[in-house]
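In what follows, a single structure is set out as C-alpha cells and then discussed.
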Amino acid sequence: MFRDKPNHELCVWALFLFGLVGIPALYFSGTISIDTVNMLGRYLAFAIAAIGLDLIWGYCGVLSLCQALFFALGGYAMGMYLAHHGGPEGIIDKDGWKLPACLFVVYPYDVGEAPGDAMVPWFWKPFFSLPLTVLLGVALPGVVAAVIGYFGFRSRVRGVYFAILTQAITVAGWLVFCMNNMKLCGTNGLTRFNTIAGFELSSHSVKFGLYLITLICLIGVFCLCRFLVSTRLGRVLVAVRDDETNLRFFGYKPYMFKMFVFALAAALGGLGGMLYTPQMGIVTPEYMTAKWSILFVIWVAVGGRGTLSGAVLGAIGVNLVYNFLTTRWPEAWPFVQGLLFVSVVLLFPKGIAGLLNLIRFNRLAKRTAEA
Amino acid sequence: MRYSLALFMAVVTGWTFSPPVAAADSSVDKPSDTALLEQIATLAGDDAAARKQALFDLAKTGDSRLEAFLENYRTGSVYLWNDQIVVCTETEEDEDFNELAPLTHPLTGEPLLGDDDKQVKPDVSDLGDISPNRDERKWAAQANFFLRLLSPDAEVRLSGAKKSGDPPYNINAVELLGEIAQKDSDNNIRHTARESLLLIRLGTDVPLGQAEERWAAAGQLAEMKSLRALPILEEMLRDEGFEKHGQAAREQCEKAVAAINSHQSFVNWVGYVFQGLSLGSILIIMALGLAITFGLMGVINMAHGELMMVGAFTTYVIQQLFVNHLPEGMFNWYYVVALPSAFLAAACVGWLIEIAVVRHLYRRPLESLLATWGVSILLIQSARLIFGDNIGVNSPTWLRGNVEVMQDVILPFNRLFIIALCALCVAMIYTLINRTKLGLRMRATMQNRDMADSLGVNTRRIDSYTFAFGSGLAGLAGYALTLIGGVTPDMGQNYIVESFLVVVTGGVGELLGVICSGLGLGVATKVIEPMQFGDFTVEAIWAKVFVLACVVAFIQFKPAGLFPPKGRLADV
C-alpha cells in the first residue's frame, strides 16, 4: 500500500511509527528523559499548526501570517482552563468564582477598588470546563479566521497584500493581549498551572500521556488533511492557487473555498496551541509576535510546501536543530536560522520533501538505467 | 497663600525702593568686585540697619555670583577671618582631631590660597561667626529672588519672573515685577512678568475692598490665555471655602477656566497633529523605499527595517569618529556628514542583498518575503554582536532647541528637521523618477519589463539601482529616527509592519498614495491616542488597533490601495 506514496510521506509515516513505538520504548528503557519526551510533544504541537498553514499556503496559495495568532488563541483558551484549576493562591470573588492565581497577582484594579473587589471576568468563565474549552479553543480561531477571511477574500485582497494584512492583525492581537487591563495577565501571560482534568501536570505519566495525545492528534489531523486534499475540494484549492481568475470564470466562488480552508487552518492552529500550553506550562503574548508568525511559515517552507508531510518534517526538524544549537552555541542560532531561510528559499524551494523525492528519483533512474 | 502680615508690612515699608530696572540691561556698569566685597563686609558689622541695607544693595547689583553667596549666608556658612569675609561650607578633621575649615572666596567660590599656594585651612575656632538672625535670613532669601529678577542674563530673569508668580506667591516682588512688565527689553519676559503679577493678585487673599481687582485678574489671565493660571483657578473652584467670595467671583473664575481650557485644547491638538506629522514623515521615508522596490520589482523586502537600522548605526559610527578623532568644536558637524553616509551605507548593504538574494526571487514575491526575513535576522544578530544592544546617539546641539510659533505652541527642532528631511526625500524621488534618464528606465521596467528589455534597457541593472536607492531611503529613515528614538539592533522591527501598511493603503501606482497614507496613518494614530470617550481614554495601543481596523475596512473598498496601478498592470 505504500508503493504509490511519495518518499516524504513514507518518511512521515515512519516518523509517526517511531513516535508511537520507538519513543515509548526509549523512554521506558530509560535512554531518554521525560523532558525530552515533553520537548518532542511540544514540537508535535507545532507540527499540527504547521499542517494547517500548509493547507492554506501550500494548497490554496494564500500566505497567512496569522497562524501564530490562532496558535496563541488556542493556547490562551487552554491556558485559561489550566489557570482556573491551578495555583494555590487567589481569592473567591463575590459571585463565588475562584480568581485564578496568575490573574490575581496582576489584577488591574480600577481606581477605588480594593483587592477584595477583584472579579473573574465574564470571558474567563466558559473556560472552566474542559469540554467547552476544547470546543472554544478550536472554534474561536476558526470563527476569527472566517471573519478575517470573509472580509479579506471577498474583496479580493490577494497575495502580498493579504500577507501584510494578516501580519498587521497579528501585531494588533499581540498589542491587545499585552495590555494588563484586558485581564489576560498582560505580558506575564497565563501561568501557575497545576492540574489538567484532575491529573497533576508535573507528574511524568501525565507528561507522557500528553505527548501521546498530541501525537495521536497529529496523526489524525494529518490523515484528515490528506483525505481532504485528495477529494474534489483539494483540486479546487489547487485551482485557486494556480489560477483564481480562471476558476471564477468557471462559476466557482473562490472566496468561499479560501474562507473555509483559512478557518480550518486556524482551527488546527488553535488545536496545536491547546496541546502546546499544558506541555509548556505557560502561554504569553510572545507567541503572537511577528517573529512567531513567520517562524511557522519557515517550518512549512523548509519542510516543503504543498505536501502536508513537509509541514510535519519542517516543524520537527527545524525545532530539533534549534534545540541542538541553542544549548551549545546560543549566539550562532540566529545566523543559522537566517541562513536557513535564505538558502531554503534560494536553493531548495521544495524543501526537505523535495530533497527526499530527489533520492527516490535517482534510485528509479538508476534502476531504469540498469534495465 | 497665607502671608505673615508683619513681613508684608516690613517689606512694603523697608523694601520699597525703586529698582534700577535699567540694570537689567547689561549696558549698565556692574559694580567692581572690590565694591561688592566692601558691601559684603558690611554684613559683618554691628549695625542692623546697615546690614539690611547691604543685603538689598547686593540684590540690586543683579550679579549672579551673589546667588551662591547669599545662599551660603542664609545657611550660616559665611565667616569672618583676618578681617576678611570668607565662606566655608564643610569642615575637615586632621589626625589630631582638630577641626579645620577649608576656605573659599565669597564671590568666585574658588579655594582661598595661602602663601604656599595651598588652600587656607585655619582652625575652626579662628573663624568669626556671622550668623544672620531670623529676619536677615528671610531678607537674604528675598534678595536672592530679586537678584534673579535683576540679572543681566535674560534666561535668569525669565525664570525669576516665572517663579515669583508660582505658589507660594512672592508678594514682595510685585513692584519689581510691575517695572519689568513695563520696561524690560525682552518681549517674552514682559509677558511672563505680567502673567506672574496677575497670578499673584489672583492667588493672594486681599481685604474685601480690593476683591474686585482680584477677580478681574482672572479675566485678564483668560485674555492672556495663561496656561499657568488653569490649575490655580481649578483648585480655587474646587475649594469649599470659595463660597465666601460670592457668586460673581465664581462666575468670573469659571468663565476664565473655560476660556483657558479651550486655548489649552487648541494647543494640545496642534501638538498631536504635529507629532503625527513627524511620525508620518518617518513612515513616509520608510514606505517610499518599500513602495519603489515593491512597485517596481514586486519584491517584499522584510529586511527594509534592518536597512533603517544600518542607517541609524552608521550615524552612530560617524558620531563616534567625530568624538574620538576630531576636536570638540567639530562635533555638531557629524550630523551633516552622517546624512550622506547613512544613505550610502544602507544603499550598499541593500545592493549586496539584491545581488545575493533578491535578484533570484523576482516574480516570486511571497518567497522573497521569507528570504529577506532571513537576511533581517542575520543583520540584527550581526549588529548585536558588533555594537551591543543599546547605544546612544546624541543629537547635535543645533537640533536640540525649539521654536514657539504661537503662544504655547512649541515645535521642537528635531521633529521639524524630520519633516523637512521627508520633504527633501520626496522631492529627490520625484526628480529622480520623473526628470532623469534612470527614472525613465525605471518607469519603463515597471510598466512592462519584457518590452523595456527588448528595447535595450538593462532591466537587471535598473533593478539593482532601484533596490539600492530604496534601501538608501530606509537608511535615511534610520538617520532621522536617531533624533527621536532609541537605537537598538531590532529597531527596524517596530516600523516594518506599519510601513507595509502605508504601502498597502497608499497603493503602488503613485508616490502620492504613499505620502497621503503615510501622513494619514501617522496623524490618525497620534490624534486618536489622547481622545476620550466617557471614562475610556484611547491610549497608544487602542489607537493602533483602531487605525488598523480602519485600514482593513478601507481595503474592502480599495483592495489595491488609494492609487492602484492602472491598465494592464492592474491584475498582475
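Structure summary
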item: Rough spin-label spacing in nm, given labels placed 7 Å along Cα→Cβ, for B:Ala248 and A:Ser29; result: 10.3 nm
item: Distance in nm between pseudo-label sites at B:Asp153 and B:Ala427 (7 Å out along the Cβ direction from Cα); result: 3.9 nm
item: Cβ-defined net charge surrounding A:Gly189, 14 Å radius [Lys, Arg +1; Asp, Glu -1]; result: +1
item: Cβ crowding within 10 Å averaged over residues, with A:274-282, A:128-136, A:346-354, A:158-166 ranked highest first; result: A:274-282, A:158-166, A:346-354, A:128-136
item: Sequence of B:Val523, B:Val336 when ordered by accessible area, the most exposed leading, probe 1.4 angstrom; result: B:Val336, B:Val523
item: Inter-label distance, nm, simple model (7 Å from Cα along the C-beta direction), B:Asn188/A:Lys5; result: 7.9 nm
item: Taking only Cα atoms of chain B, radius of gyration then Dmax in Å; result: 33.1, 104
item: Chain B: DSSP helices with Cα axial extent of at least 27 Å and average Kyte-Doolittle hydropathy no lower than 0.5; result: B:247-297, B:304-325, B:334-356, B:365-387, B:413-435, B:539-557
item: Amide H contacts under 5 Å for B:Val487, placed H, 5+ residues apart; result: B:Ile391, B:Val393
item: Accessible-area value, B:Asp450, 1.4 Å probe, nucleic acids and ligands omitted, Å²; result: 100 Å²
item: Percent of alpha-carbon pairs separated by more than 40 Å within the range A:7-370; result: 17 percent
item: Convex hull per residue volume in Å³, alpha carbons only, for the range B:216-301; result: 116 Å³
item: Mean Kyte hydropathy of -0.5 or more with a Cα span along the axis of at least 27 Å, helices from DSSP in chain A; result: A:34-53, A:130-154, A:159-178, A:204-230, A:254-280, A:309-328, A:351-370
item: Spherically averaged projected area of the protein assembly as shown from its Cα convex hull (nm²); result: 57.1 nm²
item: Per-residue average of Cβ from other chains inside 10 Å of A:340-348; result: 6
item: Three principal axis lengths of the range A:175-223 [C-alpha, angstrom, descending]; result: 39, 29, 14
item: 222 nm mean residue ellipticity, helices alone, for chain A (DSSP H n ≥ 4; -39,500 (n - 2.57); rounded to 500); result: -22000 deg cm²/dmol
item: With DNA, RNA and ligands ignored, accessible area of B:Glu110 (1.4 Å probe; Å², nearest 10); result: 110 Å²
item: Apportionment of accessible area to carbon and sulfur, chain B, percent (1.4 Å); result: 56 percent
item: GluC sites (Glu not before Pro), loop per DSSP, at most 13 other Cβ atoms within 10 Å - longest free stretch of chain A; result: A:114-330
item: Exposed-loop-free span, longest in chain B, where trypsin sites (Lys or Arg not before Pro) count as exposed if DSSP calls them loop and at most 12 other C-beta atoms lie within 10 Å; result: B:119-362
item: Convex hull (Cα only) mean projected area of the range B:266-571, reported in nm² to one decimal; result: 18.0 nm²
item: B:Asn458 long-range amide H proximity, modeled H, under 5 Å; result: none
item: Accessible area of chain A belonging to carbon and sulfur atoms, whole % at 1.4 Å probe; result: 68 percent
item: Inter-chain shielding of B:99-106 (mean C-beta neighbours from other protein chains, 10 Å cut-off); result: 0
item: Cross-link table B:Lys60/B:Lys183; B:Lys162/B:Lys225; A:Lys98/B:Lys544, entries beyond 24 Å C-alpha to C-alpha; result: A:Lys98/B:Lys544
item: Buried solvent-accessible surface, both chains (A, B), 1.4 Å probe, Å² to nearest 100; result: 3600 Å²
item: A:Ile219 - accessible surface, heavy atoms, 1.4 Å probe, Å² rounded to 10; result: 30 Å²
item: Whichever lysines have a C-alpha closer than 24 Å to that of A:Lys5, once near sequence neighbours (fewer than 8 apart) are set aside; result: A:Lys350, A:Lys366
item: Sequence-separation-based contact order of chain B, relative, with Cα cut under 8 Å and 6+ spacing, percent; result: 14 percent
item: Surface per residue (accessible, 1.4 Å probe) for the protein assembly as shown, Å²; result: 46 Å²
item: Shielding by other protein chains, B:497-508, mean Cβ within 10 Å; result: 3
item: Long-range amide H partners of B:Trp81 with built H, under 5 Å; result: B:Val86, B:Gly128
item: FRET E, pair B:Leu512, B:Trp269, Förster distance 30 Å, beta-carbon r, rounded to 0.05; result: 0.70
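The values are calculated or read from the model by the stated rules, or taken from the named source; none is laboratory data. Every value quoted in this text rests on a predicted model; they were computed, and no experiment measured them. Glycine gets a Cβ as well: all are built from the backbone with ideal geometry, and neighbour counts include every protein chain shown. Calculation scope for accessible area: heavy atoms of the full protein, side chains included, ligands and nucleic acids excluded. Shrake-Rupley method; radii C 1.70, N 1.55, O 1.52, S 1.80 Å.
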